[in-house]
Amino acid sequence: MKRYSLQLRLLAGAAVAVFVALAIAWVAMTLLFQRQLEQQVGQELRRDALQLIAGLSVDAAGSITVQEGPSDPRFDTPTSGLYWQVSGKSQIQRSRSLWDQALSPSAAADGLQWQTRFADGPFGRRLFLLERLVQPPGSKDRVLVQLALDEGELRLARTEFGTILAVFLFVLWVVLSGAAWIQVQLGLRPLVHLRRELAALRHNAAERLSADYPREVEPLTRAINDLASARETDVRRARQRAADLAHGMKTPLAALAAQSRLIRAGGSDPDVAADGLDRAIAAAAAAVEAELARARAAASRHRPQDAQAAPLPVAQRLISVLERTDKGMRVDYLVDIPDSLRLAVTGEDLSEMLGPLLENAVRFARRRVRVAGKALDGNILLSVEDDGPGITSGDAAEAMVRGVRLDEAGGGHGLGLAIAREMVEATGGTIALGVSSLGGLRVDLGWTSSWALTG
Amino acid sequence: MRALVVEDDPDVGPDVVRALEAAGFVVDLAQNGDDAWFKGDVEDYDIAVLDLGLPRLDGLSVLKKWRANDRLLPVLILSARSDWTEKVEGIEAGADDYLAKPFQMAELITRVRGLVRRTAGHAASSLTVGDLQIDTRRMTVTLEGAPVSLSQLEFRLLNYLAHQKPRAVPAGELAEHLYGSNEADDTNAIEQLVVRVRRKVGAARIETKRGFGYLLTDQRT
């Protein structure tokens with residue numbers, strides 16, 4: 001069931017549940033009624049039996065005399081459905097209603113109490129039987145006294161009761177289902193309201209869901225409001241970044257336009273014009289590169305739960321790339337990272353942080369580049385150093401100022417440092433510049449214990 | 001010098017070809033992965049400039065197929081992507097250098113020349129000194145058959161000593177070769193480097209000839 005109506009589900013559920021409950025009630029009440037009916041009929045038959053026994057006598061020869069039968073006229077109407085019979089050793093007396101038939105004898109009857117049972121009777125009918133062994137006064141032998149009522153009468157009463165009850169319960173079911181429908185309508189009304197408000201939210205991102213929802217729906221509306229706020233922030237940030245990128249491209253485009261005009265005017269030395277074009281292209285490339293770095297940093301803000309990077313192999317692989325470059329192959333790399341060191345970022349993110357720093361270090365190094373790492377008090381510390389000229393504290397401060405646009409960070413250490421800073425801060429780390437014992441720049445990266453993993 | 005340029009972009013490809021031809025190369029251009037793999041597999045080039053985003057067969061797969069077939073020509077990878085993960089992947093697949101787009105043509109020519117220079121004269125790609133085996137093309141060293149983990153600088157030191165054998169090489173000359181210049185405290189740096197290499201291949205293999213320099217020997221201990 002892919003598409004379903006909540007209303008239909010609730011209604012169907014209520015109708016089925018009420019129906020089942022009422023059906024069970026019908027069965028139980030019918031059974032109770034039957035038991036009650038049997039008890040009542042048994043009592044009536046016993047009253048008739050006492051009348052019968054009062055007029056019963058047996059002489060010494062065993063011949064049974066009934067002075068006066070029970071008063072109910074049905075005993076005197078043949079096949080009326082109400083019968084009595086007294087069975088002695090040698091003689092059987094019975095009501096006129098039995099005509100020439102007899103009730104079946106019973107093995108279970110005793111002299112202690114009246115017993116009831118159902119049995120096949122004369123005229124092909126089922127009978128409800130009441131029976132007991134009785135010793136009339138002045139007689140030595142006991143006689144079996146049986147009274148019977150046609151079961152059809154019981155069944156008729158039961159069926160009548162069951163039908164009336166079923167009609168009543170059906171009406172009750174309809175009424176209860178109607179009540180359930182009203183309940184569902186009332187209960188779902190906030191959702192209809194919610195749908196209208198969500199439609200409004202879609203048309204206007206600044207719109208929010210109102211606060212007057214039932215307590216059960218409120219967590220949902222609050223979550224939707226939070227989501228809407230987060231999305232609005234994302235969209236605003238994305239627009240800002242698109243604008244930044246566009247601004248970053250405008251200057252190179254203006255430079256290209258200027259070069260084009262110069263060339264058309266014929267007043268430009270081709271070499272100078274080509275240099276100008278190259279400068280503009282480089283500026284555009286830097287703007288694009290910076291935007292890509294920022295996009296990567298934004299992506300790494302959402303670190304996967306099980307992210308884990310081993311700094312040693314990451315550093316080694318980065319060095320194996322740098323060793324391929326003309327400058328990189330002339331540099332001596334000192335790697336001092338424990339094999340077991342682990343950091344809770346992805347290997348890709350760590351590569352994007354260490355990569356630019358190592359590239360910078362190689363660019364400015366004279367002979368040596370050192371990359372070191374250690375775990376201290378549960379914190380993870382990584383450092384990249386070179387023996388180059390280092391940077392002045394002014395440049396360092398500028399490179400580290402928050403919010404410096406990456407593409408404005410310029411040449412030198414700037415762009416690489418700014419990219420690394422974006423990445424490190426996106427993963428919850430800190431970055432600091434200092435002077436290396438090798439003589440050049442030292443960049444320290446640190447992550448607090450929650451980012452460290454024991455390897 | 002023969003060069004293979006693999007680039008599907010209709011502007012960039014011919015541009016690179018023109019620049020390399022101006023730099024004195026004889027250049028073939030392949031515009032898809034299949035063609036590139038075939039050309040690199042049957043022709044002998046001194047260098048390949050390989051774009052990663054190619055139709056039919058991507059650049060990294062072309063490179064892996066060449067290397068699997070023992071085609072050891074130096075390869076410079078070009079890619080529009082600039083992330084380090086891809087650089088590492090490229091180098092580990094067997095590339096020799098990596099250049100991100102957009103690049104300056106002069107930079108490309110410099111890199112290509114550097115690669116050709118580095119791999120030139122390595123036709124005999126293996127050199128044996130005692131039980132030390134130096135693969136100059138793959139830049140790996142094995143000792144009694146077991147690989148020795150050396151950095152580039154350490155490898156180049158060992159390789160240079162092997163090529164100069166049986167001449168002892170002064171520290172100054174080593175610095176000149178390894179760093180491209182020779183400055184005041186470089187002798188120190190070379191000394192430290194030699195200590196590290198000795199630790200990896202056995203101390204007796206690099207002998208210090210007082211007054212002459214360092215000499216690679218066949219000795220084991």
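Read the figures in this text as sums done on the coordinates, not as results from a lab. Model, not experiment: these values are computed from the prediction. So basically every Cβ, Gly included, is an ideal-geometry build from the backbone, and we count neighbours across all protein chains shown.
With a cap of 15 neighbouring Cβ atoms within 10 Å, and only residues DSSP puts in a loop, list the trypsin sites (Lys or Arg not before Pro) found in the stretch A:210-247. The qualifying sites are A:ARG215. Name the most mobile residue of B:ARG210, B:ARG18, B:ARG117, meaning the one with the largest mean-square fluctuation, in a Gaussian network model of chain B with Cα contacts below 10 Å. Result: B:ARG210 has the largest fluctuation of those listed. Rounded to the nearest 20 debye, the dipole size of chain A about its Cα centre is 600 debye, using +1 on the Cβ of Lys and Arg and -1 on the Cβ of Asp and Glu.
What share of the DSSP beta bridges in the stretch B:42-136 is antiparallel, in percent to the nearest 5? Of the beta bridges lying entirely in the stretch B:42-136, close to 35 percent run antiparallel. Across the stretch A:243-315, the convex hull enclosing all Cα atoms gives 94 Å³ per residue.
Spin-label model, A:VAL27/A:ARG189: points 7 Å from Cα along the beta carbon direction are separated by 3.9 nm.
Before rounding to the nearest 500, sum -39500 (n - 2.57) across all DSSP H runs of length at least 4 in the protein assembly as shown and divide by the residue total; then give [θ] at 222 nm in deg cm²/dmol.
-16500 deg cm²/dmol
Within the straight-line cut-off of under 23 Å between alpha carbons, the lysines reachable from A:LYS140 are A:LYS89, sequence neighbours fewer than 8 places apart in one chain being disregarded. When both the stretch A:103-165 and the stretch B:193-218 are represented by their alpha-carbon centers, they are found 124 Å apart. The angle between the Cα long axis of helix B:105-119 and the main principal axis of chain B comes to about 50°, on a 0 to 90 degree scale.
With the largest listed first and rounded to whole Å, the semi-axes of the equivalent ellipsoid of the protein assembly as shown from the Cα gyration tensor are 106, 35, 25. Values of log10 I(q)/I(0) for the stretch A:6-157 across q = 0.10, 0.16, 0.21 Å⁻¹ run -0.44, -0.85, -1.32, by the Debye formula with one identical scatterer at each alpha carbon and no solvent.
Taking Cα atoms only, the orientation of helix A:414-426 departs from the longest principal axis of chain A by about 20 degrees.
Let's see if you can work this out: charge +1 on each Lys and Arg Cβ, -1 on each Asp and Glu Cβ, no other charges. What is the dipole magnitude of chain B about its Cα centre, in debye to the nearest 20?
My answer is approximately 1040 debye.
Compared with the dominant principal axis of the Cα atoms in chain B, helix B:12-22 is inclined by about 50°. Projecting the Cα positions of A:LEU441, A:ASN225, A:VAL314 onto the charge dipole of chain A (unit charges on Cβ atoms of Lys, Arg, Asp and Glu, taken about the Cα centre) puts A:ASN225 furthest along the positive direction.
Of all beta bridges that DSSP places with both ends in the protein assembly as shown, some 75 percent have antiparallel geometry. Using alpha carbon centroids, what distance separates the stretch A:338-356 and the stretch A:245-292, in Å? Here the two parts' Cα centres lie 37 Å apart.
Using a cut-off of 26 Å between Cα atoms, the listed pairs B:LYS64/B:LYS200; A:LYS327/B:LYS101; A:LYS374/B:LYS101; A:LYS250/B:LYS87; B:LYS65/B:LYS200 include B:LYS64/B:LYS200; A:LYS374/B:LYS101; A:LYS250/B:LYS87; B:LYS65/B:LYS200 as exceeding that distance. Peptides B:9-17, A:162-170, A:94-102 ranked from most to least packed by the mean count of surrounding Cβ atoms within 10 Å: A:94-102, B:9-17, A:162-170.
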